[in-house]
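K.L.:
Provided herewith is a single structure, encoded as structure tokens, for subsequent inquiry.
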Amino acid sequence: MTFASVEDARERLRGVGYLTDDRLATTAFLQSALGKPLLLEGPAGVGKTQLAQSVAAATGRRLLRLQCYEGQDETKALYEWDYGKQLLYTQMLRDKIGQVVQDAPDISSAVERIAAQDSVFFSERFLVPRPLLEALTSPEPVVLLIDEVDRADEALEAVFLELLAEFQVSVPEVGTFTAEHHPLVVLTSNNTRDLSAALKRRCLHLFLDYPAADRELEIIRSKDTGLADALAEQLVGVVRGLRELELRKAPSISETIDWARTLAVLGVTELSAPVLAETLNVVTKYERDLGIATRELPRLVDPNATVPGERGHGHGHGHGHGHGAPETPAGPTSAPVPASAPPRPAPDAGDGRDVRAGKDAPGRHDEQYYGSPSAASGRPRTVTPGQGSRSFRPGGARKRPL
Ligand SMILES: Nc1ncnc2c1ncn2[C@@H]1O[C@H](COP(=O)(O)OP(=O)(O)OP(=O)(O)O)[C@@H](O)[C@H]1O
Ligand SMILES: [Mg+2]
């Protein structure tokens, strides 16, 4: 059963363990009410795939999933011919086939007679539906998840267009299959390439950003991580602080959950910078990120803490920024969050976008990113607001590393 209202969507998604905000609940309701495909974009680990799974669970529908990847054969996303079965049948029918061609005067007329039987072997009996066709032919309405659509080639994207526009698929030898029940279609993208305008136009679009602090805390609580509430709240603050740093891969909800579980397993009763530093590898995925995060942890745990190397003026790294000048942009060799940065926002202080935008040090994705010597030039770089958007790199042409 689809969602009856925004509130119904919110409650039923919560019932299957997926916590929404207003925008998400509204979009989930609209998708089911309008029957439009939903395109979810956003950084890794913010719950895109999980939303599709939760919509399936909440509506009692079967989930069919097509995982996209580069070089995927577009026809195989739709259906495949069961060659093994075809071969078996021809062998079992050898005598019958022999009779058909028995009195053929020459090879070409024998071939003609066999060709006349084509339709027997290229019929639905020998067709193996793959997720896209299965979603249309299923006798029950389903949820179709087209995951990581940005990794699909353009040929496959073209197949999606026909499917999403008409809810039908053509198999040349058999004919056109039209959906008995329109599936609820969810597409997800990490934006490793720009999707076509035609595809976007056919979908409701939702950008899933990192959640607000209170929702993230609620999600952590709902996962029974075993971490005490107060510590979880503090941890969410630290993770949000980490997201403001110039990390190559900002920690996502899934990393916060993992971190909470790790700390609970270790029996941690108090969050301190050393304890967090020991377990930082749960949330940082690159050596360089680990270094940055380790350096910034004391300040993230306690905003009044002094970070080593920033005491006095004797650090001698020569970037020449004005200490104590809040508006001075952080140079590439200085700490990404200036010592004068405002303390981390309280859990109820919205999603902190303004705070983040204010200190958003640019350039995390340009070619100078990997700490190259030229990165120390401190030249101005482009700034985009919003944590998710920053790690998400809209319109990015760079492919995700395999
Ligand atoms: N709103 C939410 N409610 C409950 N759990 C959530 C929510 N959002 C994210 N999670 C948790 O975060 C984890 C990661 O989510 P998911 O795998 O759906 O991310 P994703 O956006 O698809 O990431 P990727 O782009 O890497 O595939 C999920 O396993 C889920 O436990
Ligand atoms: Mg996913």
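The values are calculated or read from the model by the stated rules, or taken from the named source; none is laboratory data. None of these values were measured; they are calculated from a predicted model. Cβ placement follows ideal geometry from the backbone for every residue including glycine, while neighbour counts extend to all protein chains displayed.
K.L.:
Going by the conditions given, is Gly60 outside the structural domain of Thr284 (by TED's automatic domain parsing), within 15 Å of ligand 2 (Cβ to nearest atom) and more than 14 Å from Asp153 (Cβ to Cβ)?
P.N.:
Details: outside the structural domain of Thr284 (by TED's automatic domain parsing): yes; within 15 Å of ligand 2 (Cβ to nearest atom): no; more than 14 Å from Asp153 (Cβ to Cβ): yes.
So Gly60 fails the test.
K.L.:
Sticking with this structure for a sec: Of Thr225, Thr269, which residue is among the hydroxyl-bearing types (Ser, Thr, Tyr), more than 16 Å from ligand 2 (Cβ to nearest atom) and more than 24 Å from Tyr18 (Cβ to Cβ)?
P.N.:
Answer to the check: Thr269.
K.L.:
While we're here: Which condition number in (1) within 27 Å of Leu34 (Cα to Cα); (2) touching a strand residue (DSSP E or B) at 6+ places or on another chain (Cβ under 9 Å); (3) more than 16 Å from ligand 2 (Cβ to nearest atom) is the one that Phe122 fails?
P.N.:
In the conditions (1) within 27 Å of Leu34 (Cα to Cα); (2) touching a strand residue (DSSP E or B) at 6+ places or on another chain (Cβ under 9 Å); (3) more than 16 Å from ligand 2 (Cβ to nearest atom), Phe122 misses (1) alone.
K.L.:
Any residue at all in segment 66-77 that's assigned to a strand (DSSP E or B) and away from ligand 2 (no atom under 16 Å from the Cβ)?
P.N.:
No, because not a single residue in segment 66-77 is assigned to a strand (DSSP E or B) and away from ligand 2 (no atom under 16 Å from the Cβ).
K.L.:
Do we have Arg113 as at pLDDT 90 or above and of a type in the set (Lys, Arg) here?
P.N.:
no
K.L.:
Output the residues belonging to segment 5-20 that are exposed (fewer than 14 other Cβ atoms within 10 Å of the Cβ) and among the charged types (D, E, K, R).
P.N.:
Glu7 - this is the single residue of segment 5-20 that is exposed (fewer than 14 other Cβ atoms within 10 Å of the Cβ) and among the charged types (D, E, K, R).
K.L.:
From the list Glu140, Glu148, pick out the single residue that is in contact with a strand residue (DSSP E or B) (Cβ under 7 Å, 6 or more places away or on another chain), under 30 Å from Phe207 (Cα atoms), in the same structural domain as Arg23 (by TED's automatic domain parsing) and exposed (fewer than 14 other Cβ atoms within 10 Å of the Cβ).
P.N.:
Step by step, each of Glu140, Glu148 is checked, and only Glu140 is in contact with a strand residue (DSSP E or B) (Cβ under 7 Å, 6 or more places away or on another chain), under 30 Å from Phe207 (Cα atoms), in the same structural domain as Arg23 (by TED's automatic domain parsing) and exposed (fewer than 14 other Cβ atoms within 10 Å of the Cβ).
K.L.:
Just to be sure I understand the filter: pairs with C-beta atoms under 7 Å, separated by 6 or more residues or on different chains, first member in segment 204-224 and under 26 Å from Leu184 (Cα atoms), second member of a type in the set (Val, Ile, Thr) and in a helix (DSSP H, G or I). Which pairs pass?
P.N.:
Pairs found: Leu204/Thr27; Leu206/Thr27; Pro211/Ile219; Pro211/Ile253; Ile219/Ile253.
K.L.:
Same structure, new question: Do we find a residue being within 13 Å of ligand 1 (Cβ to nearest atom) and surrounded by 18 or more Cβ atoms within 10 Å (Cβ to Cβ) anywhere in segment 68-78?
P.N.:
yes
K.L.:
Among the listed residues Glu218, Glu233, Glu246, which satisfies the condition of being in a loop (DSSP other than H, G, I, E, B) and assigned by TED's automatic domain parsing to the domain that holds Gly291?
P.N.:
Glu246
K.L.:
Within segment 21-44, track down each residue that is surrounded by 20 or more Cβ atoms within 10 Å (Cβ to Cβ) and near ligand 1 (Cβ under 8 Å from one of its atoms).
P.N.:
Leu24, Leu40, Gly42, Pro43
K.L.:
Then there is this: Output the number of residues of segment 45-65 satisfying the condition of being more than 16 Å from ligand 1 (Cβ to nearest atom) and either under 14 Å from the mean Cα position of the chain (by Cα) or in a loop (DSSP other than H, G, I, E, B) (or both). Can you show your working first?
P.N.:
Of the residues in segment 45-65, the ones more than 16 Å from ligand 1 (Cβ to nearest atom) are 59-62, 64.
Narrowing further to those that are either under 14 Å from the mean Cα position of the chain (by Cα) or in a loop (DSSP other than H, G, I, E, B) (or both): 60-61.
Summing the residues that are more than 16 Å from ligand 1 (Cβ to nearest atom) and either under 14 Å from the mean Cα position of the chain (by Cα) or in a loop (DSSP other than H, G, I, E, B) (or both) in segment 45-65 gives 2.
K.L.:
So Phe122 passes all but one of these: (1) in contact (Cβ under 8 Å) with a residue 40 or more places away in the chain; (2) out of contact with any Asp or Glu (no Cβ under 6 Å at 6 or more places or on another chain); (3) of a type in the set (Phe, Trp, Tyr). Which condition number does it fail?
P.N.:
With (1) in contact (Cβ under 8 Å) with a residue 40 or more places away in the chain; (2) out of contact with any Asp or Glu (no Cβ under 6 Å at 6 or more places or on another chain); (3) of a type in the set (Phe, Trp, Tyr) applied to Phe122, the lone miss is (2).
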